[in-house]
Amino acid sequence: ERRIEFVYLPTYSPNLNLIERLWHFMRVKILNSTYYEKHNEFKSAILSFLRDIKQYKSELRSLLTMNYRTVNGVSVHLSQTTG
């Protein structure tokens with residue numbers, strides 16, 4: 001039984017890479033209009049975001065999806081298999 005499906009992405013496609021979507025979301029939440037004078041303040045903000053990430057569950061659920069829309073308008077959904 002196959003439980004892994006390889007999906008070949010273009011060489012540079014951050015919009016298709018789920019971790020890039022998460023990093024962008026985090027930057028918007030902790031950096032948007034905020035200046036951290038000290039490195040420790042910046043680090044604290046990142047760690048706080050990651051520690052409390054469950055509060056963003058509904059936003060992340062729609063953002064971190066495997067649904068893709070192609071250039072010709074066809075939707076592609078890659079189902080995730082859980083064991």
Matching residues, segment 1-41, being more than 14 Å from Met66 (Cβ to Cβ) and touching a residue at least 40 places away in the same chain (Cβ under 8 Å)
Arg3
Would you be able to say whether some residue in segment 61-83 is touching a Phe, Trp or Tyr at 6+ places or on another chain (Cβ under 9 Å) and at pLDDT 90 or above?
no
Would you mention how many residues in segment 9-27 are under 17 Å from Tyr56 (Cβ atoms), surrounded by 10 or more Cβ atoms within 10 Å (Cβ to Cβ) and not basic (Lys, Arg)?
7
Whichever residue in segment 1-43 is aliphatic (A, V, I, L, M) and not in a loop (DSSP other than H, G, I, E, B) and, among such residues, is modelled with the lowest pLDDT:
Leu16
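The values are calculated or read from the model by the stated rules, or taken from the named source; none is laboratory data. Computed from a predicted structure; not experimentally measured. When we count neighbours, we look across all protein chains shown, and the Cβ atoms used for this are built from the backbone with ideal geometry, even at glycine.
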